[in-house]
Amino acid sequence: MIVFPAIDIQGGKAVRLRRGDFDDATVFSDDPVALAQQWQAQGAEALHVIDLDAARTGELVNFELVERIVRAVSLPVQYGGGIRSPKSLALVAGIGVRWVVMGTAAITALDLLQDAVNWLDDRLVVGIDCTDGMVATHGWQERTQMSAIRFVKVLEQHGVRRVVYTDVARDGMMGGPNLIGLRDLAEATSLQIIMSGGVALLDDLRRLRRLQAPNVVGVILGRALYEKAFTLSDALAVFAP
């Protein structure tokens, strides 16, 4: 199980949103690069970096900052936000990130999705952001009529191997993750799944470990780490052999 500390960037700062609301952001660092280095020093295995401005607008607003993060750490970086064109895909894939997360375009531009699969292979990850079980797009601002389970079937057909599953209603709320939705999704697909959203306590991570879903391969941690509900070391210990 890979534990990803999350660095969400808005306006050049590291923030956490509540339920994907861009107007309800808490700033946790004015220096995302230094923050990435801190997570590495604390034993992080990988980082999950999202350009929230890019996710909302489709423009790589914080591209140079993300590039600096990648250069500043030796950790594999998983990046998402604004990957909606061949140009943005090429730019992000070319700066040394280990995984590229495609969100909105995986639904709205299937040709681009197929190109990304062909080009990136296992470096491609698709974000499945859900509201009441239905996939949301454009930085979680728009809801589609496609269920998460139907969406993974489409992704399987296109050769995608890994997804990030986020329950938007749980994200940043510190109310616990949607493990029922996660289990249902895991049982419906052979794709590797990284869970995101809602983790508040170490017990949430213990319950995740007990889920016994072998294709759940990672968890993204945000507000719980930043508000010191537990340490990164504590989280890593939960999944230690």
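The values are calculated or read from the model by the stated rules, or taken from the named source; none is laboratory data. What you see is a predicted model, and the numbers here were worked out from it, not measured in a lab. Neighbour counts are summed over all protein chains in view; Cβ atoms, including those assigned to glycine, are modelled from backbone coordinates with ideal geometry. Heads up: the accessible areas ignore ligands, DNA and RNA and are worked out on the full protein's heavy atoms, side chains in. Shrake-Rupley method; radii C 1.70, N 1.55, O 1.52, S 1.80 Å.
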Checking Leu185 against (1) over 21 Å from Tyr79 (Cβ atoms); (2) modelled with pLDDT of 95 or more, which test does it fail?
(2)
Tell me, which residue of the stretch 106-123 that is assigned to a helix (DSSP H, G or I) and within 17 Å of Met146 (Cα to Cα) is nearest to the chain's Cα centre (by Cα)?
Ala106
Which members of the stretch 58-71 meet the condition of being open to solvent by 80 Å² or more (accessible area, probe 1.4 Å) and either in a loop (DSSP other than H, G, I, E, B) or over 18 Å from Gln37 (Cα atoms) (or both)?
Glu59, Val61
Return yes when Thr108 is buried (at least 21 other Cβ atoms within 10 Å of the Cβ), modelled with pLDDT under 95 and farther than 16 Å from Leu120 by Cβ and no when it is not.
no
Within the stretch 30-50, can one find any residue that is out of contact with any Asp or Glu (no Cβ under 6 Å at 6 or more places or on another chain), open to solvent by 10 Å² or more (accessible area, probe 1.4 Å), modelled with pLDDT under 95 and within 28 Å of Phe151 (Cα to Cα)?
no
Counting only residues that are over 20 Å from the mean Cα position of the chain (by Cα) and in a loop (DSSP other than H, G, I, E, B), the stretch 231-241 contains a total of 2
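Among the residues that make up the stretch 137-152, is at least one of them at pLDDT 95 or above, in contact with a strand residue (DSSP E or B) (Cβ under 7 Å, 6 or more places away or on another chain), open to solvent by 10 Å² or more (accessible area, probe 1.4 Å) and under 19 Å from Ala14 (Cβ atoms)?
At the first step, the residues of the stretch 137-152 found to be at pLDDT 95 or above are none.
The answer is no, given that none of the residues of the stretch 137-152 is at pLDDT 95 or above, in contact with a strand residue (DSSP E or B) (Cβ under 7 Å, 6 or more places away or on another chain), open to solvent by 10 Å² or more (accessible area, probe 1.4 Å) and under 19 Å from Ala14 (Cβ atoms).
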Mind checking whether some residue in the stretch 205-222 is of a type in the set (Gly, Ala, Ser), crowded, with 23+ Cβ neighbours inside 10 Å and either at pLDDT 85 or above or not in a helix (DSSP H, G or I) (or both)?
yes
Residue pairs meeting the criteria (Cβ under 8 Å; at least 6 apart or on separate chains; first touching a residue at least 60 places away in the same chain (Cβ under 8 Å), in the stretch 176-204; second aliphatic (A, V, I, L, M) and surrounded by fewer than 15 Cβ atoms within 10 Å (Cβ to Cβ)):
Ile194/Val217
Please find, among Ser74, Ser88, the residue that is open to solvent by less than 20 Å² (accessible area, probe 1.4 Å), of a type in the set (Ser, Thr, Tyr) and either at pLDDT 95 or above or more than 15 Å from the chain's Cα centre (by Cα) (or both).
Ser88
